[in-house]
Every structure is written in structure tokens, then in C-alpha cells.
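Below is one structure, written out as C-alpha cells; comments come after it.
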Amino acid sequence: MLVSILCLVLMRRNRTERYRKFLKLMLAVLFGLFFDILGALSIEHAAELSHFTLMLTNSLYFWFAAFAGLAYLDYAEAFVGEVTKRERRMYIVNAVLMLLYTMVLILNVKTGWIFSIENNLYVHGPLHFICYIPSTYYIFYGIIYALLHYKSLNARELIPLSGVLFIAAGTLIQAFAAPYTLLTFFLGSIAVLVILLFMETPDYASLQETLEQLDTARIEVQKAQRVKTEFLSSISREIKTPMNTVLGMDELILRESKDEYITGYARDIATAGRVLMDTLNKILDYADIETGKLDIVNAPYKVQTLVKDVYKTCLFRADEKGLKFTCDVGNLVPDILVGDVVRLRQIMINLIGNGIKYTTSGTVSMYVGSNELDPKNVMLEIRVSDTGIGIKEEEMSRIFGTFDRAGDVLSRSGEGVGLGLSIVSKLTDMMNGEVKVESNYGKGSVFTVYIPQKIAEESDLVDNGPDQGVDREVQTSGPLFKAPNARVLIVDDNDINRVLEAMLLKETEVQIAEVNGGSEMLRELARTSYDVVLLDHIMPDMDGIEALKRAKQIERVKNTGTSFIAITANALSGAREEYLRQGFDEFVSKPVNGKHLEEAVMSCLDKNLIVH
Ligand code: ADP
């Protein structure tokens, strides 16, 4: 015990409260052992010693037996670290018990109720059993306390803490079966040494400290990651708002200007703006994945329609670079599958986007195939191949990391922030799939994504949901329709956006009115009938969703069947579904594209109002 205590005192760096309480326990046991032996020896040599010395050594032995029990209880509480209010009240009860017991031992010198020395012999008194009560009580209390808090302990801690039963067992055996053995402190010291070896050695303590530091560091890192993600996403949102205006105005220039030079510049602005918006949207998607805001929503979808839509979206960029671009669907792929079409689309567009980005000449192609897993499920395979710069073997493992880009001079010169593949791999993970990449440096790459999908059954098709509007043909010039009798109300707090939307609808000849907030819109809707309301989402006076809810209560709105189109900078995939769920009839994301706006308005207008 002495060596262990020395080791503890000399080697332990961090002197916590728990450490101090354990030291107290060890010292109590050490002194207990000491007086146990001293008491036994004193009785053997009773003839040579005074009565007082004999009484003192044996009384101290009994006192330390109780005190060691109390020290153990104290240590267990400090170790577990959770003390309820009731348990705290018990401190006082336990301390009072110790005080009473001390007084009983002092009284015993006179009364001999517990023990006495008669004719140089040690004799048990009539109340001898009292001296076993406090220590047994404290030990059982400590063990029960540890067991009650077992959830905050692991086996390594719980077993030694409960192993203190040794002391209780030793005390009871000594009390009732073998009064002349020195079992109490012998077993007690073993129990305490077991605790020392399992939980309190300096090595273990420093390991624990290191683990705690690691844990704190991990929490800090997570916090920093969260702050980074939030910062990125709020910056992106901030940049998107003025960008919407820039791109919107640019579209107006493209529509209105007849000057070749001017439209050439405007096209360049549109191309650069599109790249920037792409990046911003990726950051926002990434932020949503990181913060767990992004859910996988499964619904039936047509594979052909999805692929056609992706093809149309990407064709323009491939054409711009003079690349051959193809998209094919395998014969065996079921027509309708159940999955998250928005995320699948995102994966396809990101992979094709990279293919186009990292290929200077040749072909980028996507093939969608499937393998039957069982009669109800298939493994969807999305394979995007290109004849681009390829990826070096040693870069392969890095490219899926966030913000990691292959350290290639060729690729570095291109646009991108290293988020596309990280989004692809996270989305694929969320859908229980996997991504594979094969590449031949200098020759091209093949990215293959495997995602399990359910084959749609009859019952799934009842509510097929909106068809993503993917089959709609987008005309390239002239308005989609004309409706001079239609009344459209534009609600936006931003003057430029209102002007922009009005200009974009100019060719359709609809009658346009504008208001700059939700409250004004409610007043206007109560006064005049409108066919369509273009309602901005984020407005200072009243949020667009709240404004919609209130507008739907207005009699005039109910009678005319006014349609509401959400206009929002929230271009995140899945946003459309969310707005429709909130009660909007259509959704247009900013930067507002003229054709999309016309399409949305047309789909909301009564057929009688459309003249062309
Ligand atoms: P970004 O394209 O924005 O840099 P990504 O996460 O999409 O970020 O891609 C990470 C890196 O992987 C890219 O920087 C590029 O080096 C490499 N990479 C991705 N796709 C291809 C591809 N089709 N061909 C060659 N390299 C690619």
C-alpha cells in the first residue's frame, strides 16, 4: 500500500478532486492496516503496555475501518460525478453517522460496550456488533450508488467499484465467523489496489486526460466545421441575391439589344454567371448535406424522362466546348422506378458537368443501366465516361474529399472548387449506393454510380406527383404565349426584381401590377382580382409562405381561384416539392429565367385567357 501511494503521489500529474479522494481512501486503508497490525501486536504484548495504549490502538483500528468505508463512498461519488439532490442531503446523514460512531468509540474507553481489555486480554463487549455497522453501511451505499449510475460507467470502472464488496465480506466474516483474523483490511487493501490498477494508475489517468482532450478537440473541430459550413452557405446566399439581378438584367439585354457586340458581351456574362451560380448552388447543397438538412425523398419517376431532362440541361455546355455528348438508357431498365429523382439528377449533372469540364475534345457520354437484384428491386447503374484529361492513380483517393482537387496543372487551370464529387459521394451514400472511378491518365475517366432502386408497383403509381416538368419543350425565341386580359401581381420587396420580372413578362402582354410586400399584397388582393401572383419568398415585412396562407383566406382570392407562383433564391434540389407542398401552384427559382417564368405563368392561367 505504501509503495502504491508513493507511486500515486510522485507520478500523478493532474491532481483532480477524484485523485484527492482516492488518495484519501488509500491513506485510510493504509492507516487501517497499520492499526490492525498494531492492535494485534499490542494485545500480544498487553502485559508490557498501558491500558490507554491498548484501548487507543484498537479504537483507532475500528475508527479507520469506518472511515475507509466513508472514504470509499466519497471516492465513488467523485468518480461517477453525478450526485443528485437527495444524494447530496445524504452527505450530512453520513457525516453525522461518522461523528456518532466516533463518540461511541470514545465512550467505549469508559464503558467497554464494544470491547475492553481485561487482564491483558481483548474482550468483546455486549454491543460489539456496532463497530461493523458504519463501514458495512458505507461500502454497500457506495456500491449501490455506483450500480445506480451504471450508465455513466463502463465495465472497467463498474467491476472494480463493485469489487469493494471484498471489504464488506471481510468485515462480516471477521465479525461473525473468524474474529481473530485480520481480514477486513487485508481484503480491503486488495480491493483498493484493484481500483488503483484499473482506474487510477498514473498511466491510465493520463490516457483518460488525453482522451478527454481529444474529445474536446473533436467537439471544437466539429464546431469549426459547422461555422465554416454556415459561413459558406450564408456568403453564398448573399452573393446569389445580387447575382440574380445581374443575370436577370443580362437576360433583358440579350432580349432587347440588337447590337451584336453588346449581345456578345451579355452572353459572356451569362456563361460566367452560370458557372458562378453553379458553384454557389453546390456550396449550398454541400452545406445542407453537412448539416443534415438534406433528406432523401423517394417517389416514382420515369427513367427516360429523367435522362432526357439531364441531357437537355447539359447539352448546351457540351455544345459550347464542341464535344460529342450522348445519353442512353439500357433496354432492361424498368420504365418507372422509385427513388429520389432530384438527387439522381444532381448526381448525373455533377458527373457529366465534370466530364465536360475536364475534356477538351472527344466525347462525354452517360449510360444508365440496371441489374435485377430481386423481382422488386434493381441496382441502377449510372456510368459517365469522357475522353478528357484523366486522373493520376495517386490522385484517385483524394478526389472525393471536400475541396480536394487533383493536383494536376491541367485540372487546376479549370473552374471548380472540389465540391462536385464530394456531393456525389455523399448523396450516393445516403441512398445506400457506391461510386467507382476508373481513369486512364491523359485518356479519360469513367465514373460509375450504383444505387439500389425499387421497381414501381401499380400502387406506387396512383400518386405519381409532378413529372418534374421535364418533358416540356422550351422554345428558344418569342414569348410562349400572349394573354392581354390576364392580370398578374408581382410581390417583391426588391425594386429591381419587380422591374425585372415585369420586363421578362413584357412580351406576353399580361397586365402587370406591383407591390413591395406581403401586407400590401393582401390589401391589393382584397381590392382587385388577379389571375396569377408572383410571390417572393423572403421579404422583410411578411414571409412569402405566411403571405400565401393569409391570401388564401381572402374571399376574392377564393372566388377567382388566383394562382400563386413562388419566386425564390432557394434553388436547392427538392425546393420545388417543398413549395408545392406549402400551397403554391408553381415555383420559379432565381435567377429568374424568362422562359421558366413564362412557362410557370402559362401553366397557371386559364386557357381562355391565352390568345396565342
Ligand atoms: P471540381 O471539379 O469543382 O474541382 P470535383 O469534386 O467535382 O471538384 O472534382 C474533384 C477533382 O477530381 C477535380 O478537381 C479533378 O481534378 C478531378 N476530376 C473529377 N472529375 C474528373 C473527370 N471527369 N476527369 C478528370 N478529372 C476529374
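The values are calculated or read from the model by the stated rules, or taken from the named source; none is laboratory data. These numbers were taken from a predicted model, which means no experiment stands behind them. Cβ sites come from the backbone with ideal geometry, for glycine too, and all protein chains shown count toward neighbours. Ligands, DNA and RNA are stripped out before the accessible areas are found, and what is left, the full protein with its side chains, is counted by its heavy atoms. Shrake-Rupley method; radii C 1.70, N 1.55, O 1.52, S 1.80 Å.
What to note about this one:
- THR291 being of a type in the set (Ser, Thr, Tyr), closer than 30 Å to MET379 by Cα and surrounded by fewer than 17 Cβ atoms within 10 Å (Cβ to Cβ): yes
- Test: residue in segment 33-56 that is surrounded by 14 or more Cβ atoms within 10 Å (Cβ to Cβ) and within 24 Å of ILE159 (Cα to Cα): yes
- Taking the listed residues ARG267, ARG226, the one that is touching a residue at least 12 places away in the same chain (Cβ under 8 Å) and more than 34 Å from the chain's Cα centre (by Cα) is ARG267, with no other qualifying.
- Test: residue in segment 114-122 that is open to solvent by 20 Å² or more (accessible area, probe 1.4 Å), within 36 Å of the chain's Cα centre (by Cα) and free of Cβ contacts under 8 Å to residues at least 12 places away in the same chain: no
A quick yes/no check of all residues on (1) closer than 19 Å to GLY32 by Cα; (2) in contact (Cβ under 8 Å) with a residue 12 or more places away in the chain:
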site	(1), (2)
ILE159	no, yes
LEU165	yes, yes
LEU172	yes, yes
ALA178	yes, no
PHE185	yes, yes
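- Any pair with Cβ under 7 angstrom, 6 or more apart, that starts in segment 351-363 at a residue that is within 11 Å of the ligand (Cβ to nearest atom) and ends at one that is of a type in the set (Lys, Arg): ILE356/ARG317; ILE356/LYS321
- The one condition in (1) outside any strand (DSSP E or B); (2) surrounded by 19 or more Cβ atoms within 10 Å (Cβ to Cβ) that TYR311 fails to fulfil: (2)
- Spans of helices (runs of 4 or more DSSP H) in segment 1-83 with at least 2 residues small (Gly, Ala, Ser): 17-44, 51-80
- Checked against the criterion of being in a loop (DSSP other than H, G, I, E, B), touching a residue at least 60 places away in the same chain (Cβ under 8 Å), within 21 Å of SER425 (Cβ to Cβ) and within 12 Å of the ligand (Cβ to nearest atom), segment 382-405 contains one or more residues that satisfy it.
- Every residue from segment 364-374 that is more than 11 Å from the ligand (Cβ to nearest atom), among the aliphatic types (A, V, I, L, M) and at pLDDT 95 or above: MET366, VAL368
- Qualifying residue in segment 445-456 (condition: at pLDDT 65 or above and either in contact with a Phe, Trp or Tyr (Cβ under 7 Å, 6 or more places away or on another chain) or open to solvent by 70 Å² or more (accessible area, probe 1.4 Å) (or both)): yes
- Scanning segment 274-291 for residues that are more than 15 Å from the ligand (Cβ to nearest atom) and either of a type in the set (S, T, N, Q) or part of a loop (DSSP other than H, G, I, E, B) (or both) yields a count of 1.
- Subset tally (residues that are in contact with a Phe, Trp or Tyr (Cβ under 6 Å, 6 or more places away or on another chain) and either open to solvent by 60 Å² or more (accessible area, probe 1.4 Å) or of a type in the set (Val, Ile, Thr) (or both)) for segment 509-548: 1
- The single residue among THR271, THR263 that is closer than 30 Å to MET366 by Cβ, part of a helix (DSSP H, G or I) and hydroxyl-bearing (Ser, Thr, Tyr) turns out to be THR271.
- Answer residue from segment 134-154, given it is free of Cβ contacts under 8 Å to residues at least 12 places away in the same chain and assigned to a helix (DSSP H, G or I) and is least open to solvent (accessible area, probe 1.4 Å) among those: ILE144
- Scanning segment 422-452 for residues that are among the aromatic types (Phe, Trp, Tyr), within 10 Å of the ligand (Cβ to nearest atom) and part of a strand (DSSP E or B) gives a single hit, PHE447.
- Just one of the numbered conditions (1) modelled with pLDDT of 90 or more; (2) over 15 Å from PHE140 (Cβ atoms) is not true of TYR91: (1).
- Looking across segment 479-507, the residues that are part of a loop (DSSP other than H, G, I, E, B) and either under 11 Å from GLY517 (Cα atoms) or open to solvent by 50 Å² or more (accessible area, probe 1.4 Å) (or both) come down to LYS482, ASN485, ASP492, ASP493, ASN494.
- Put simply, of GLU77, GLU82 the only residue that is among the charged types (D, E, K, R), in contact (Cβ under 8 Å) with a residue 12 or more places away in the chain and open to solvent by less than 20 Å² (accessible area, probe 1.4 Å) is GLU77.
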